[in-house]
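Encoded as structure tokens, the structure appears first; notes follow it.
The values are calculated or read from the model by the stated rules, or taken from the named source; none is laboratory data. Everything numeric in this text was worked out from a predicted model, so none of it was measured. Note that each Cβ is placed from the backbone with ideal geometry, even for glycine, and that neighbours are counted across all protein chains shown. Each accessible area value is taken on the protein alone, full model and side chains, heavy atoms only, with ligands, DNA and RNA left out. Shrake-Rupley method; radii C 1.70, N 1.55, O 1.52, S 1.80 Å.
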Amino acid sequence: MPRQPSVRRQKSKPEARATMSLFPERGLKIGEAARALGVETYVLRFWETQFSFLKPRHTRTKHRFYNEKDLDVLRLIKRLLHDEGFTIAGANKHIKQFGIDALMTGKPVAKPASSSSERAPARPAGIDGQARRVLNEVRRDLESLHKILED
């Protein structure tokens, strides 16, 4: 008689948005913070190298712990980079210009005319990876031709 497959109970998945009330004294580990923000852990490590004001607490064993203010700063960085289309340099400049506290409170700030290097190029909707690569190649070719014609 064949054995019935064992029935495993599925572990309850942690909430997508972990709250600080669960870990008030220590903060969130990098994996927990990454899940709360919807990004990968390597993204948080990279942002830490690019934004000098982002300094989570490190333990003696080099583990990162993010407090509530750190998560607010990370949400701001994610909003600037992903939603508003800033480059990292542009986001840094924007934060230095208006102040991190003013941007985190959500007060509307007058946006200065930004140069093209501060904003990432807008991505056309509905273009897959292959088409994007072809378009990038065509763009590089056109830029090369433009440079040759300028010289």
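Things worth noting here:
Okay, residues lined up against (1) free of Cβ contacts under 8 Å to residues at least 60 places away in the same chain; (2) within 23 Å of R26 (Cβ to Cβ); (3) in a loop (DSSP other than H, G, I, E, B); (4) touching an Asp or Glu at 6+ places or on another chain (Cβ under 6 Å):
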{"site": "R45", "(1), (2), (3), (4)": "yes, yes, no, no"}
{"site": "K55", "(1), (2), (3), (4)": "yes, yes, yes, no"}
{"site": "D70", "(1), (2), (3), (4)": "yes, yes, no, no"}
{"site": "I77", "(1), (2), (3), (4)": "yes, yes, no, no"}
{"site": "A91", "(1), (2), (3), (4)": "yes, no, no, no"}
{"site": "D101", "(1), (2), (3), (4)": "yes, no, no, no"}
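- Test: residue in the stretch 19-26 that is at pLDDT below 90, of a type outside the set (D, E), assigned to a loop (DSSP other than H, G, I, E, B) and open to solvent by 90 Å² or more (accessible area, probe 1.4 Å): yes
- K62 fulfils the conditions (1) within 13 Å of the chain's Cα centre (by Cα); (2) of a type outside the set (A, V, I, L, M); (3) surrounded by fewer than 16 Cβ atoms within 10 Å (Cβ to Cβ) except for a single criterion, (1).
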